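Remarks on the structure that follows.
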Amino acid sequence: MKKIALITSGGDAPGMNACVRAVVKTCIGKGITPVGYFDGYHGMMNNRFKEMTSDDVVNIIQRGGTILGTARSKEFRTVEGRQKAIQSLKQNDIDGFICIGGDGSFTGASILADEMNIPVIGIPGTIDNDIYGTDRTIGFDTAMNTVVDAIDKIKDTAGSHHRIFLVEVMGRDAGFIALETAIASGAASVLIPEERSNIELLAKDLKSQGKRRSNLIVIVAEGDDAGGAKEIYEKLTPLMEGYTMRYSILGHIQRGGRPSAFDRILATRMGVFAVDSLINGESKKVIGANGDNLHLTSISEAVKTESVANVEHLKIIKALKTVI
Ligand code: F6P
């Protein structure tokens, strides 16, 4: 293997830079030229790339975002779009490909592998943590910490005004961020797409936790079946007479910021493992981390198996409720 192409794709996630650094440095250490394409598949289709050197990755381990840029590309889903990408990969004598991203990006990589006969490895990078085959994706830990930090602040004002706050967090298809941050921030309740939401029951539940009790926080995953925080607020308001409520949508703040030590380490381990996997002849696999071990899952299995938050954790929130 002489040249490995690398992209970051889909929503950016803190720790992607640490992963780019690990791939680039591992490649160089093994006499392989790393080629970074800009803005994911979009840059690949438009032949925008750079042969990376160690200098390109100096001082980036602590930076959020991705120095390569990223995009969600509709064109790459077409045969014509992929042909453009294949042309660029061939022209640059690329003989291996590493994609840091989510499910959609891996599906594209797998199709590319078939159409061009090139080995590909996926590295799970998304704040949503919704990739099958890994306990943790790159960026999830940092996003959780950002959310917990924001909720701690919201609790100050919620307590001062005796208000109930509905806080919306990201997670289009899965409730990992919502569920885990609900535990970490001592939330009164949490609504996630994995569990059907019942607004009447929520109202009853909040009332049972006390009129004018300080710090009542309800975390809402953006993908919840009953809607986002604004919709829930509108549905809940008529049922909560005598209570004051506000909602807050945390939004893209969750995707930015310095990666946590956990994400830097995970990203670095996965980056090194990805290059080694290509060298060992692996292809069409996604890296997963279970406990201390890294392993590979086929892309087809990873994308077809839904990754859902552990609803058993809802019991923890129920167990810790103060009912008065
Ligand atoms: O990257 C995942 C994610 O942050 C989801 O949680 C969210 O629904 C989506 O991306 C938002 O994407 P965009 O920034 O493209 O609007």
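The values are calculated or read from the model by the stated rules, or taken from the named source; none is laboratory data. Predicted, not measured: the structure shown is a model, and the values here were computed from it. Glycine gets a Cβ as well: all are built from the backbone with ideal geometry, and neighbour counts include every protein chain shown. Heavy atoms of the whole protein, side chains included, go into the accessibility calculation; ligands, DNA and RNA do not. Shrake-Rupley method; radii C 1.70, N 1.55, O 1.52, S 1.80 Å.
From the set of residues in region 84-105 that are within 22 Å of Gly257 (Cα to Cα) and in contact with a helix residue (DSSP H, G or I) (Cβ under 8 Å, 6 or more places away or on another chain), which is surrounded by the most Cβ atoms within 10 Å (Cβ to Cβ)? Across region 84-105, the extreme among qualifying residues is Ile100. Based on this model, can you work out whether Ile299 counts as farther than 25 Å from Ala5 by Cβ and either in contact with a Phe, Trp or Tyr (Cβ under 8 Å, 6 or more places away or on another chain) or not assigned by TED's automatic domain parsing to the domain that holds Lys30 (or both)? Criteria not met by Ile299. Taking region 106-133 as the range and being within 23 Å of Ala289 (Cα to Cα), open to solvent by 10 Å² or more (accessible area, probe 1.4 Å) and of a type in the set (Val, Ile, Thr) as the test, the residues that pass are Thr107, Thr126. The strands (runs of 3 or more DSSP E) located wholly in region 1-94 that include 1 or more residues which are assigned by TED's automatic domain parsing to the domain that holds Asp276 and within 16 Å of the ligand (Cβ to nearest atom) occupy 3-8.
Per the listing Gly227, Gly210, the residue uniquely within 22 Å of Ala143 (Cβ to Cβ), of a type outside the set (Asp, Glu) and in a loop (DSSP other than H, G, I, E, B) is Gly227. All conditions but one from (1) open to solvent by 10 Å² or more (accessible area, probe 1.4 Å); (2) within 16 Å of the ligand (Cβ to nearest atom); (3) in contact (Cβ under 8 Å) with a residue 12 or more places away in the chain apply to Leu179; the one that does not is (1). Only one of the listed residues (Thr146, Thr142) is open to solvent by less than 20 Å² (accessible area, probe 1.4 Å), modelled with pLDDT of 95 or more and either closer than 25 Å to Gly257 by Cβ or in contact with a Lys or Arg (Cβ under 9 Å, 6 or more places away or on another chain) (or both). That residue is Thr142.
Among the residues of region 275-324 satisfying the criterion of being open to solvent by 60 Å² or more (accessible area, probe 1.4 Å) and in contact with a helix residue (DSSP H, G or I) (Cβ under 6 Å, 6 or more places away or on another chain), which is farthest from Val220 (Cα to Cα)? The selected residue is Lys284. Among the residues of this structure, Ala184 counts as one that is in contact (Cβ under 8 Å) with a residue 40 or more places away in the chain, within 27 Å of Gly11 (Cα to Cα) and more than 16 Å from the ligand (Cβ to nearest atom).
Mind listing whichever residues of region 2-24 are open to solvent by 40 Å² or more (accessible area, probe 1.4 Å) and within 15 Å of Ile67 (Cα to Cα)? Correct list: Arg21 only.
Of the residues making up region 254-301, those that are outside any loop (DSSP other than H, G, I, E, B), away from the ligand (no atom under 16 Å from the Cβ) and among the small types (Gly, Ala, Ser) number 8.
Going through region 243-253 one residue at a time, which ones are within 16 Å of the ligand (Cβ to nearest atom), surrounded by fewer than 20 Cβ atoms within 10 Å (Cβ to Cβ) and assigned to a loop (DSSP other than H, G, I, E, B)? None - no residue of region 243-253 is within 16 Å of the ligand (Cβ to nearest atom), surrounded by fewer than 20 Cβ atoms within 10 Å (Cβ to Cβ) and assigned to a loop (DSSP other than H, G, I, E, B), so the list stays empty. Residue-level check: of (1) free of Cβ contacts under 8 Å to residues at least 40 places away in the same chain; (2) within 16 Å of the ligand (Cβ to nearest atom), Lys153 misses just (2).
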